[in-house]
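These notes are about the structure you will find just below.
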Amino acid sequence: MNRNMKQWVEEQIASTEFRALPILSFPAVSLMGITVRELISGSSLQAQAMETVALETNAAASVSLMDLSVEAECFGAPVHVSDDEVPTISGSIVSSLEDVEKLAVPAVGTGRSGLCVKAIEQAARNIKDRPVFAGMIGPFSLAGRLMDITGIMMACYEAPDTVHALLEKTVLFLKEYALAFKKAGADGVVIAEPMAGLLSPEFGEEFSSRYVKKIVETAQDEEFIVIYHNCGGSAVRMISSIVGTGAAVLHFGNAVDMAEVMPQVPRHIPALGNIDPAGELREGTPESIRAAVTALLEKCGRWPNFMISSGCDIPPSTPWENIRAFFDAVRLFNETAASGKSA
């Protein structure tokens, strides 16, 4: 039975306890005894990773891999894969308008995109106690991987028509990808748009938010939501544009202060963030993590629509004692808070 996600969003805001929803998937490899290379290569293993995390934690939702190489690989970009790290794109494939015009838009199912859709289908069948969210890249970040970061940043100034032509192709694929996840049984999708955090607010609207909005308008409804992720330091200055995407939930990285973000986010939109995934969750200690979680909850707890999360995808090598400390800190805060969650 499909879940009413509009109601789920309202329940998160109305909850008298803080809910934790970190971007947590890759660390499942240590519990499963497999490598990252093996995880990204099999749909059953990806689904099993999501199920493992769901069994190990009380996260508010189950989130699939934030592997931002999948979509670029579908377009033909070369991918570097290792046993221990998240895959990365190792070279650009377009640099001019002529290149973009020749670029074919792949069908969903090309490359590893088919594996990711199958993984969500299996996870959605087996995880019933919380929503299941698929992960995908955003249109500008995908374009940046196809053109490379330096190339696309220069093109935004010097060849905007080329960037828009490329974005029209990336968003066409991403709309179909989101719909494939929806058909597979996902309750929503996390759109990671990290490169948008490098743009000015004006360029963020022109080259990112307007295209993210197209995905939202295509896929989001009462039973399927879009969670928008921006981990850039300029996200605070882009709030109006980000909210304008229409995404039901917003997620911010640790480059920004959530206390600056929260007053600008409408109260009906949950805003998630933003414990440092590498510097704190991976490299910290259980004690330092508990302190960081407590401090963030104390700072942002007066906003009912605040939900605590990692600032971005938690690295594969993160110790599980640290991950458990994160959830324990949230639980302890809820247990000891005198007045609970208040406006």
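Every number in this text was worked out from the coordinates using simple rules, so none of it is lab data. Keep in mind that what you see is a predicted model, and the values were worked out from it rather than measured. Heads up, the Cβs are rebuilt from the backbone with ideal geometry, glycines too, and the neighbour counts pull from every protein chain shown.
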If I model a spin label at residue 202 and residue 161 as a point 7 Å from the Cα along the Cα→Cβ vector, what separation in nanometres do I get?
2.0
Between the alpha-carbon centers of region 227-257 and region 269-305, tell me the distance in whole angstrom.
17
Among 21, 123, 319, which residue has its Cα positioned farthest towards the positive end of the charge dipole of region 5-335, with +1 placed on the Cβ of Lys and Arg, -1 on the Cβ of Asp and Glu, and the dipole taken about the Cα centre?
123
Could you calculate the FRET efficiency of residue 221 with residue 285 from 1/(1 + (r/R0)^6), where r is the beta carbon distance between them and R0 is 56 Å, rounded to 0.05?
0.85
Simple SL model, points at 7 angstrom along Cα→Cβ for residue 90 and residue 321; separation in nm is 3.5
Given +1 on the Cβ of Lys and Arg, -1 on the Cβ of Asp and Glu, and no further charges, what dipole in debye does region 164-232 carry about its Cα centre, rounded to the nearest 20?
220
Peptides ranked, highest mean first, by Cβ atoms within 10 Å: ranges 79-87, 316-324, 135-143
135-143, 316-324, 79-87
Between residue 20 and residues 5 or more places away or on another chain, the pairs with built amide H atoms under 5 Å apart involve 60
Pick from 22, 263, 194: which residue has the top mean-square fluctuation in a GNM of the chain where Cα pairs under 10 Å get a spring?
263
Just check region 240-326 against the gyration tensor rule for me: Cα atoms, a ≥ b ≥ c as the square roots of the eigenvalues, rounded for a/c under 1.5, and otherwise prolate or oblate depending on whether a/b exceeds b/c.
prolate
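Sort the following peptides by mean Cβ neighbour count (other Cβ atoms within 10 Å, averaged over residues), highest first: 125-131, 174-180.
For the peptides 125-131, 174-180, the packing ranking is 174-180, 125-131.
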Treating only the Cβ atoms of Lys and Arg (+1) and Asp and Glu (-1) as charged, compute the dipole magnitude of the chain about its Cα centre; round to the nearest 20 debye.
800
Would you please give the residues with an amide H less than 5 Å from that of residue 223, counting only those at least 5 places away or on a separate chain, with H modeled from the backbone geometry?
5
Ascending count of other beta-carbon atoms within 10 Å, so fewest first, for 243, 216
243, 216
Taking the Cα atoms only, what angle lies between the long axis of helix 43-56 and the longest principal axis of the chain, rounded to 10 degrees?
20
Between 292, 159, 278, find the one with the highest GNM mean-square fluctuation for the chain; connect C-alpha pairs within less than 10 Å.
159
Once phi is turned into θ = phi - 60°, what whole-Hz ³J(HN,Hα) does the Karplus curve with 6.51, -1.76 and 1.60 give for every residue of region 28-39, x standing for Gly and Pro?
4, 4, 5, 6, 8, x, 10, 9, 4, 4, 5, 4
Net charge of neighbours whose Cβ lies under 11 Å from the Cβ of residue 135, counting Lys and Arg as +1 and Asp and Glu as -1:
-3
Give me the angle, in degrees from 0 to 90, between the Cα long axis of helix 149-158 and the longest principal axis of the Cα atoms of the chain, rounded to the nearest 10.
60
Signed unit charges on C-beta, dipole axis of the chain, positive-most listed residue 32, 77, 235:
32
Give me the angle, in degrees from 0 to 90, between the Cα long axis of helix 286-300 and the longest principal axis of the Cα atoms of the chain, rounded to the nearest 10.
90
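How much net charge surrounds residue 240 when only the other residues with a Cβ under 15 Å from the Cβ of residue 240 are counted, with Lys and Arg +1 and Asp and Glu -1?
Values: positive: 210, 213, 237; negative: 202, 205, 206, 260.
Net charge around residue 240: -1.
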Out of 279, 311, 232, any idea which swings most in a Gaussian network model of the chain, alpha carbons joined below 10 Å?
279
Positive-pole candidate from 106, 157, 194, dipole of region 5-335, charges at beta carbon:
106
Which order do peptides 90-98, 59-67 fall in by mean Cβ count within 10 Å, highest first?
59-67, 90-98
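Can you give the calculated 222 nm mean residue ellipticity of the chain, where each DSSP H run of n ≥ 4 adds -39,500 (n - 2.57) and the sum is split over every residue, rounded to the nearest 500 deg cm²/dmol?
Value at 222 nm, helices only: -13500 deg cm²/dmol.
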Can you list residues whose amide H is under 5 Å from residue 25's amide H, if they're 5+ apart or on another chain and H is modeled 1.01 Å from N?
314
